[in-house]
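First the structure, in the form of structure tokens, and then the observations on it.
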Amino acid sequence: MLKKIVSCAALALTVWVAPVQAQDALSTLPRTVQAALKRAQIPADALSVFVAPAPPGQAPRLDWQSTAPRNPASVMKLVTTYAALDQLGPAFVWRTPLYLDGVIDNGAFRGTVYIRGAGDPKLVSERLWLLLGRLSGLGVRVIVGDIVLDRTAFALAPHDPGAFDGEPFRPYNVGPDALLINYNSQVLGFLPDPGAGVARIHYELPLAGVALPSTVPLAPAGSACGDWRAQLQANWSQPQQVQLAGTYPASCGDKNWPVALPEPERFAAKAIEGMWRALGGQLTGTVRDGQVPPGLKPAWENQSPALAEVVRDINKYSNNVMTQQLLLTLAKERTGQGSFESARFLLTQWWQQRWPSAPVPEVDNGAGLSRAAQVTAAGLGQMLQSVWASPVMSEFMASLPIAGTDGTLRRSQANASAHLKTGSLRDARALAGFVDGRSGQRYVLVAFINHANADNGRPVMDALVDWVAQDQGR
């Protein structure tokens, strides 16, 4: 009975307090933001905002529900990338070694080739070509033996690419891998050839054992481009074959379609064998998983771009798997364990040392592709203020999309000079970074919307950015 009385009292209090909270929100937020929220049908209590001058310790200019934990979507990448820049340094590189356990004999390598993955997030097709091209450059035409892939640098649970949203063939759902080749994705490039009545297809990677059609028929003359992907009627379900049963509209011109193919655990093996054969090489054995024997020295290694460049790609284009690779690498370099558990423990320690008064973020996989990830606007705002005073400020700032210019902000309607990271999931929209005020003051801005109508929230974010840039009252 007591429980029922307490529950009824709590319900009554909630019903009475809610209008007061809404009234307070309307009297606190800038009028342009209030109007944008109303048009988007998003209640003010679904919004968190923190705005303060960039130098650390400055009092906020706007602080609305900034201590409420929110899902930041891809804005969580800012925590991961700053932690990596801060702890590894902007010049850090990944090295992918290749080992030769055998002898070269008259154009044949007799033995085993080992490739050890080190978590490089940018081991893309051209860099794989360079790694294997060294062996071809030594005059080797045939490997009489196996190619063994060592992927033990990371300790990972099995990954289901369709678990997050039922879209297993979308590249944003690719899982991390110590030997990640081309983001574990194939890219199909379509180029219309009206004279032949087909669109010719170029593939970024040669994949061994996968049948790849070279053309697809053009749609009838005058067909609109529209949803050209749907018109191709692609079937990605067969690991050994890409099937395109439809047509391609010539009006689309040159288009690219990145796809995460089935059997992601076999993608590296298919890509490496396919690239070796594309170089003119032969292989008598197989490409399989294994480990490099103790004491074997690398014949050569492939070096990645510097971390500063990798962070730029992550934040400009919101690459999920690159972020996860970075988080796991940070854990491996600092703790010796390339696992998400070690990474989360490491980030917790780092955060508590740097911002002890702010709640520790729930980073999950570090990329923001998560329903469990949480951070407060005030906590992230404090982190960004620290960035402003950091030796890696310039590298971090350069990694953020520029409003109305590039990356995920190229279509922003905000009338301001701003470097900001965006994030969006179902029921979540976020924005964080730096905005230049017209007074010459640079501000930190963090804004989160967690609501069923969050997808309508872009005008709200644009209104916030414009208000910050105007350096004036509400």
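The values are calculated or read from the model by the stated rules, or taken from the named source; none is laboratory data. This is a predicted model, so every value here is computed, not measured. Heads up, the Cβs are rebuilt from the backbone with ideal geometry, glycines too, and the neighbour counts pull from every protein chain shown. These area figures cover heavy atoms from the full protein model, side chains too; ligands, DNA and RNA do not enter into them. Shrake-Rupley method; radii C 1.70, N 1.55, O 1.52, S 1.80 Å.
Can you tell me which residues in region 352-361 are within 13 Å of Gln374 (Cβ to Cβ) and free of Cβ contacts under 8 Å to residues at least 24 places away in the same chain? Selection gives Val360 alone.
The combined condition, being farther than 19 Å from Leu180 by Cα, open to solvent by less than 70 Å² (accessible area, probe 1.4 Å) and assigned to a helix (DSSP H, G or I), is fulfilled by Leu346.
Of all residues in region 413-426, one or more are within 16 Å of Thr80 (Cβ to Cβ) and open to solvent by less than 10 Å² (accessible area, probe 1.4 Å). Taking the numbered list (1) hydrophobic (A, V, I, L, M, F, W, C); (2) farther than 20 Å from Lys421 by Cβ; (3) surrounded by fewer than 21 Cβ atoms within 10 Å (Cβ to Cβ) in turn, Leu88 passes all entries but (2). Only a single item in (1) open to solvent by less than 50 Å² (accessible area, probe 1.4 Å); (2) part of a loop (DSSP other than H, G, I, E, B) is not met by Asp313, and it is number (2). Taking every residue in region 382-407 that is within 16 Å of Leu445 (Cα to Cα) and of a type in the set (Asp, Glu) and pairing it with any residue that is part of a helix (DSSP H, G or I) and open to solvent by 30 Å² or more (accessible area, probe 1.4 Å), at least 6 positions away or on another chain, yields no pair with a Cβ-Cβ distance below 6 Å.
Close Cβ contacts (under 6 Å, 6 or more residues apart or on different chains) running from residues in region 214-237 that are on the phi < 0 side of the Ramachandran plot to residues that are part of a helix (DSSP H, G or I) comprise Leu218/Ala250; Cys225/Ser251; Cys225/Cys252; Trp228/Cys252.
Restricting attention to region 177-211, which residues are without any contact (Cβ under 8 Å) to a residue 60 or more places away in the chain and on the phi > 0 side of the Ramachandran plot?
Selection gives Gly197 alone.
Those strands (runs of 3 or more DSSP E) of region 383-474 in which at least 3 residues are of a type in the set (Gly, Ala, Ser) and under 23 Å from Asn319 (Cβ atoms), considering only elements entirely within it, cover 417-425, 428-436. In summary, Gly368 fulfils each of the numbered conditions (1) outside any helix (DSSP H, G or I); (2) open to solvent by 20 Å² or more (accessible area, probe 1.4 Å) with the single exception of condition (2).
Every condition in (1) under 20 Å from the mean Cα position of the chain (by Cα); (2) assigned to a loop (DSSP other than H, G, I, E, B) is met by Ser357 except one, and the failing one is (1). Looking at region 58-70, which of the residues that are polar (S, T, N, Q) and open to solvent by 20 Å² or more (accessible area, probe 1.4 Å) is farthest from Phe396 (Cα to Cα)? If we take residues in region 58-70 being polar (S, T, N, Q) and open to solvent by 20 Å² or more (accessible area, probe 1.4 Å), then Gln65 is farthest from Phe396 (Cα to Cα). Tell me, which residue of region 275-305 that is among the hydroxyl-bearing types (Ser, Thr, Tyr) and surrounded by fewer than 17 Cβ atoms within 10 Å (Cβ to Cβ) is farthest from Gln238 (Cα to Cα)? Result: Thr284.
Considering region 24-46, the residues that are small (Gly, Ala, Ser) and over 18 Å from Ala68 (Cα atoms) include one that is modelled with the lowest pLDDT, namely Ser27. With the requirement that a residue be without any contact (Cβ under 8 Å) to a residue 60 or more places away in the chain, surrounded by 17 or more Cβ atoms within 10 Å (Cβ to Cβ), more than 22 Å from Thr152 (Cα to Cα) and not β-branched (Val, Ile, Thr), what does region 247-274 give you? Of everything in region 247-274, those that are without any contact (Cβ under 8 Å) to a residue 60 or more places away in the chain, surrounded by 17 or more Cβ atoms within 10 Å (Cβ to Cβ), more than 22 Å from Thr152 (Cα to Cα) and not β-branched (Val, Ile, Thr) turn out to be Tyr248, Pro249, Ala250. Only one entry of Gln231, Gln238 meets the criterion of being at pLDDT below 95 and under 29 Å from the mean Cα position of the chain (by Cα), and that entry is Gln238. If you go through region 95-111 and keep only what is more than 17 Å from Ile272 (Cβ to Cβ) and surrounded by 18 or more Cβ atoms within 10 Å (Cβ to Cβ), you end up with just Ala108. In region 199-216, the qualifying residues are those that are small (Gly, Ala, Ser) and out of contact with any Phe, Trp or Tyr (no Cβ under 8 Å at 6 or more places or on another chain), and the one that is surrounded by the most Cβ atoms within 10 Å (Cβ to Cβ) is Ala208. Filtering Gln65, Gln87 for residues that are out of contact with any Ser or Thr (no Cβ under 8 Å at 6 or more places or on another chain), farther than 30 Å from Glu263 by Cβ and among the polar types (S, T, N, Q) leaves a single hit, Gln87.
Have a look at Glu273, Glu204 and point out the one that is touching a helix residue (DSSP H, G or I) at 6+ places or on another chain (Cβ under 7 Å) and within 29 Å of Arg116 (Cα to Cα).
Exactly one residue qualifies, and that residue is Glu204.
Within region 112-133, restricting attention to residues that are open to solvent by 20 Å² or more (accessible area, probe 1.4 Å) and either part of a strand (DSSP E or B) or aliphatic (A, V, I, L, M) (or both), the residue that is nearest to Ala278 (Cα to Cα) is Leu130.
For region 326-342, check the following and say yes or no: at least one residue is open to solvent by 80 Å² or more (accessible area, probe 1.4 Å) and within 30 Å of Asp406 (Cα to Cα). No: zero hits.
Annotation note: Cβ proximity below 9 Å between a residue of region 117-144 that is farther than 17 Å from Leu205 by Cα and a residue that is polar (S, T, N, Q) and part of a loop (DSSP other than H, G, I, E, B) (sequence gap 6+ or interchain) occurs for Gly117/Thr152; Ala118/Ser304; Asp120/Ser304; Gly139/Asn106; Val142/Thr284; Ile143/Thr284; Val144/Thr284.
Of the residues in region 156-174, none is out of contact with any helix residue (DSSP H, G or I) (no Cβ under 6 Å at 6 or more places or on another chain), aliphatic (A, V, I, L, M), closer than 30 Å to Asp313 by Cβ and buried (at least 17 other Cβ atoms within 10 Å of the Cβ).
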